[in-house]
1. Got at least one residue in the range 111-118 being in contact with a helix residue (DSSP H, G or I) (Cβ under 7 Å, 6 or more places away or on another chain), basic (Lys, Arg) and outside any strand (DSSP E or B)?
2. Looking only at the range 631-646, how many residues end up being open to solvent by less than 50 Å² (accessible area, probe 1.4 Å) and either out of contact with any Lys or Arg (no Cβ under 9 Å at 6 or more places or on another chain) or closer than 25 Å to Glu594 by Cα (or both)?
3. Being touching a helix residue (DSSP H, G or I) at 6+ places or on another chain (Cβ under 8 Å), modelled with pLDDT of 80 or more and assigned to a loop (DSSP other than H, G, I, E, B), is that true of even one residue in the range 651-672?
4. Going by what's in this entry, would Glu290 be described as over 53 Å from the mean Cα position of the chain (by Cα), touching a residue at least 40 places away in the same chain (Cβ under 8 Å) and at negative phi?
5. If you go through the range 471-491, how many residues are in contact with an Asp or Glu (Cβ under 8 Å, 6 or more places away or on another chain) and either assigned to a strand (DSSP E or B) or open to solvent by less than 20 Å² (accessible area, probe 1.4 Å) (or both)?
6. Got a sec? Which strands (runs of 3 or more DSSP E) wholly within the range 533-612 have at least 3 residues that are open to solvent by 40 Å² or more (accessible area, probe 1.4 Å)?
7. Any chance you could count how many residues in the range 338-370 are among the acidic types (Asp, Glu) and assigned to a helix (DSSP H, G or I)?
8. Just give me the residues in the range 1-31 being open to solvent by 30 Å² or more (accessible area, probe 1.4 Å) and not in a loop (DSSP other than H, G, I, E, B), in sequence order.
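The values are calculated or read from the model by the stated rules, or taken from the named source; none is laboratory data. Computed from a predicted model, the values in this text were never measured in an experiment. Heads up, the Cβs are rebuilt from the backbone with ideal geometry, glycines too, and the neighbour counts pull from every protein chain shown. The protein model used for the area step is the full one, side chains on, heavy atoms only, and it has no ligands, DNA or RNA in it. Shrake-Rupley method; radii C 1.70, N 1.55, O 1.52, S 1.80 Å.
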Amino acid sequence: MEETKVLSTVAAAKGDAVRDFLPLTVDYQEKQFAQGVIPNTFMRREGAPKERELLCGRIIDRPIRPLFPAGFYHEVQVTASVLSSDGKQDPDVLAANATSAALMLSDIPWAGPIGVIRIGRISGQFIVNPTMDELSLSDLNLVYACTRDKTLMIDVQAREISEKDLEAGLRLAHPEAVKYIEPQIKLAAKAGKHKKEYKLSMMPDRTLEKVGKLAEVPIEAVFTDPTYGKFERGEALENIMQDVKKVLEEECDEESLRLLPKAVDTVRKKVVRRRIIVEGFRLDGRRLDEVRPLYCEAGNLPMLHGSSLFNRGDTQVLCTVTLGAPGDAQRLESIVGPPTKRFMLHYSFPPFCINEVGKRGGLNRREVGHGTLAEKALLAVLPPEDDFPYTVRINSEVMASDGSTSMATVCGGSMALMDAGIPLREHVAGVSVGLVSEVDQSTGSIKDYRILTDILGLEDHLGDMDFKIAGTQRGITAIQLDIKPAGIPLDIICESLEPARKGRIQILDHMEREISVPRTQDDRNSPRLATLKYSNDALRRLLGPLGALKRKIEDETGARISVSDGTLTIVAKNQSVMEKVLEKVDFILGREIEIGGIYKGRVSSIKEYGAFVEFNGGQQGLLHISELSHEPVSRVSDVISIGEQLSLICIGQDVRGNIKLSLKATLPRPRSETNNVVEESVSSTKEAPSIWASAGDLSSNGQQNQSSISEAGGINASTSSPPILIRSAAECDEEEKSAGLVQNSKATSRPVGASETDHKPKTFHQDSSVLAKPGLLQTINDKMSKSFSQKEGDKTEVRSPVTAKTLKIGTKVTAKVYQIRTGGLVLDLGGGIRGMYRFETNGKNDFEVDDELRVVCVSFSSKGIPVMSLVDDDE
């Protein structure tokens, strides 16, 4: 098709077959030369078959296998190779049609040809053989194979398509696929080989009759007893075969002994099919449309991200969910389709689940096929990648098998995903539907049939089809049809959709009762994902040489880090691991500096006046000696040392971007400091001034009791005076007039000598009262009112805290003395900005720390530090 070309070859082994099955092998190959690429492996060669190659091989195998004649047990090998691909068409359908044509041209007996076609649907319109681009927009991916009048294979991936719409797609696909049959017949007529006579291993009627007489009655007794479980039933059937074997050994019937297993299996098939068609009862006593007993449990392994146990009859599956980073997605090397896959389901069928001994090898075609079917069923309800960027892996471990383990995997996987907290749209369940038919031997048409819901393993083996259908309450998400006879009418296939829907709804209701919404994970075990934006230069610093720094962080924390264009994605096992990673990333790359933000840094050097700290991705900040501790510090090295890691708070940035850090702001304040207003203002002499009395201390004639207060405004409250005073507004006004107090509601008093951190409104507790001397309160209020006033015509006055943007030459502010040096003052201009004032000749130089000064900005130093000058009082 266009520039996509596939070569298919077929060969059969020579000699007599000494086996009782058809050893058909289908190898599908996608070599990289087909798209003009050299393999990216060490040997630069293709390795073992990839998952996609195994799946495409199954697409070819399933429709051609039923058309080989009964008794043809010669080894057959089909090899399909993609010669070139333009990426527009999936080569799997081409390879299946090419294989059909190759079998038609060969001398191998085969009841073909077949036609294989793909159907898509975009905006409600069906599309025949859609391109890969169209398929990405389609809500249906249907691969259909058929003969001229019967269906052979169906494979569906859909986004909750209804049974009615699916039936319409199937009925469209059949005539379109039939179009590929006639050209193959014409080709075989022109270039085909004459069909070779192969020896067929047919069962002699005499052997079948003899074994039937010996085994039919005891086999029927086993199949009519519903109390038998899978293993008990199998053991009873094995004992019957051993009894028949003893009889044949006594008769020395070598031919019958050689064909005994096949003959007993034929008798079992006859008994089971007759009982289902005639009586309408199944092996375990169920009705035809009855689902086996269900049991399900979510969260049975709480340490994992998600887990579930699903049990249906004797089939039991354990599913687990693991979440990973986007970088954990599987890389695909297919010549078509997406390059990565973020959702994976791995199905495992260990030998112990059927009570057998066996080896565990590499990729198994059956395991890959069943896992992919369940994966397609669940993919339709996953949230989009933009909303849920995790990579998700489901492991399905089959604990016990008695049919439909792939559909049990769908059910268990859906519950495990919800247990992991993944916001699925709704649950997905699956059920397998079987068919038992009675065929007219003269015409080959089906005379009678029964559709079975939720088939057992033995019903699958002895029946005609295994029709696996998975979906939600709203529609179908995945289908896989495998058959044993040479085709089944499409009408019967469409009729099977309704009993499958009823069984699926019943299972979904049971799952909903166990877990109906995504579980909210606790902080202890739930994984965390963070997506951060950085420049590519910053990400290169994080990676380090050859990714060494990134690998070091991953080894130290156990987190996964992935980097794409401008995006850093981190996935951690839990919140504590995420915090460790973010701390390391912040230290390497840094983040935007904010005043009041807490940063972790390392002391890089120590000076007499403080220390320089490297933090936030290599930035330097100054930790002044005055910011080391709430207590006085004589030497910086007494508190910190070079290389020590500290948690610091950014307290300011000057106009040049120099960063000022504080250690003491992260430390708890000493208890004594909270009372320093009182301690610094208490006089050594105690007198007995008048205070505001409580209502309980007022005498009948209005006189007040006395307590002690110092001349400097300190407090020594009497223990006999209640701390709470309740008065009316008129009483308060009268008391203020008599005391000579002038209150300014917009000003806040601060005791003389108190530090800057104490300049806060104090909380009045029940064990103390705060009073100020009337004269002192008047002076402070007058001064603060003056500092915040604005003269008429003054356009450079700054009332709100100054910032680097608002500070300009000519700006007048009220500053405080921060430090006193030999040649001048360091001023605190507010907003974390510092300025300097040089002592003037014959000017005032007797300043105290925390003195408030009216200054104006006259210039900036070479380092961008504001140079200030005093403002005269009369300006």
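1. Of all residues in the range 111-118, those in contact with a helix residue (DSSP H, G or I) (Cβ under 7 Å, 6 or more places away or on another chain) come to 111-118.
If we keep only those that are basic (Lys, Arg) too, we end up with 118.
Within this subset, residues satisfying the condition of being outside any strand (DSSP E or B) are none.
Within the range 111-118, not a single residue is in contact with a helix residue (DSSP H, G or I) (Cβ under 7 Å, 6 or more places away or on another chain), basic (Lys, Arg) and outside any strand (DSSP E or B).
2. Kept after step one, since they are open to solvent by less than 50 Å² (accessible area, probe 1.4 Å), are these residues of the range 631-646: 633, 636, 640, 643, 646.
Remaining after also requiring either out of contact with any Lys or Arg (no Cβ under 9 Å at 6 or more places or on another chain) or closer than 25 Å to Glu594 by Cα (or both): 633, 640, 643, 646.
So the count comes out to 4.
3. Yes - at least one qualifying residue is present in the range 651-672.
4. Numbers: over 53 Å from the mean Cα position of the chain (by Cα): no; touching a residue at least 40 places away in the same chain (Cβ under 8 Å): yes; at negative phi: yes.
For Glu290, the condition - over 53 Å from the mean Cα position of the chain (by Cα), touching a residue at least 40 places away in the same chain (Cβ under 8 Å) and at negative phi - is not met.
5. So the first thing to find is which residues in the range 471-491 are in contact with an Asp or Glu (Cβ under 8 Å, 6 or more places away or on another chain), and the list is 471-477, 479-485, 487-489.
In the following step, the residues that additionally are either assigned to a strand (DSSP E or B) or open to solvent by less than 20 Å² (accessible area, probe 1.4 Å) (or both) were identified as 471-472, 475-477, 479-483, 487-488.
The total comes to 12.
6. Working: elements: 560-564, 567-572, 598-607.
So the answer is 560-564, 598-607.
7. Quick first cut of the range 338-370, residues among the acidic types (Asp, Glu) only: 356, 367.
With assigned to a helix (DSSP H, G or I) added as a condition, the list becomes 367.
Adding up the residues that qualify gives 1.
8. Narrowing the range 1-31 to residues open to solvent by 30 Å² or more (accessible area, probe 1.4 Å): 1-3, 5-7, 9-11, 13-16, 18-21, 25, 27, 29, 31.
Passing the criteria: Lys5, Val6, Leu7, Thr9, Val10, Ala11, Thr25, Asp27, Gln29.
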